[in-house]
Amino acid sequence: MSEEIRHILDRLRAPADNVVARARRMVEAHVPEERRGPGWDRHWRELEAYLELPGRWSGEKEREE
């Protein structure tokens, strides 16, 4: 599968209710592909995952109860 097709499929698989996925589509409509730097796709996928998978920041301190 070509990189371009994979990119399109990844975007289509993103849930419509994920605000980051919606923001990505809007930003990509204005930023030409040749201006997107390395890590562009990874950056957006990580942000989308933060909303879908509740987690903890690595710098967050443990709470004692």
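Could you list, in sequence order, the residues of the range 1-36 that are among the charged types (D, E, K, R) and loosely packed, with under 10 Cβ neighbours inside 10 Å? Please lay out each step first, then the result.
Step one: list which residues in the range 1-36 are among the charged types (D, E, K, R), which gives 3-4, 6, 10-11, 13, 17, 22, 24-25, 28, 33-36.
Result: 3, 4, 13, 17, 33, 34, 35.
Just checking, how many residues over the range 1-43 are outside any helix (DSSP H, G or I) and either β-branched (Val, Ile, Thr) or within 22 Å of residue 53 (Cβ to Cβ) (or both)?
Summing the residues that are outside any helix (DSSP H, G or I) and either β-branched (Val, Ile, Thr) or within 22 Å of residue 53 (Cβ to Cβ) (or both) in the range 1-43 gives 7.
Read-outs throughout are calculated quantities, based only on the coordinates presented, and are distinct from any laboratory measurement. The structure displayed is predicted, hence computed values, not measured ones. Cβ atoms come from the backbone with ideal geometry, glycine included; neighbour counts cover every protein chain shown.
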